[in-house]
Amino acid sequence: TSELLLGGRTLTANEALRAGLVTRVLWPDRFHVELLPSLRAMSEQSSQ
């Protein structure tokens, strides 16, 4: 992680996934279709 912060190294989506920095990777053309149900579920839980 210090290499990322101090060295400005960028990661691919799969590298970020393997490193545990993200929980999943979505294809750009499926982003809204796959993300909206998760956002709705989070929104419903936060309002309870």
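Some observations on this one:
- Once the C-beta distance of E3 and R24 is scaled by a Förster radius of 25 Å, the resulting FRET efficiency is 0.60 to the nearest 0.05.
- Estimated 222 nm signal from helices in the chain, with DSSP H stretches of n ≥ 4 weighted -39500 (n - 2.57), rounded to 500: -16500 deg cm²/dmol
- Correct option for volume of the Cα convex hull per residue in Å³ [calculated from the coordinates] among [x] 58; [y] 72; [z] 105: [z]
- If R0 is 35 Å, the Cβ-Cβ spacing of T10 and E44 corresponds to a FRET efficiency of close to 0.50.
- Folded to 0 to 90 degrees: helix 31-46 orientation relative to the chain principal axis, Cα: 70
We did not get these values from a lab; they are worked out from the coordinates using the rules stated. All of these numbers come straight from a predicted model, not from anything done at the bench. For neighbour counting, all protein chains shown are included, and Cβ atoms are generated from backbone atoms with ideal geometry for every residue, glycine included.
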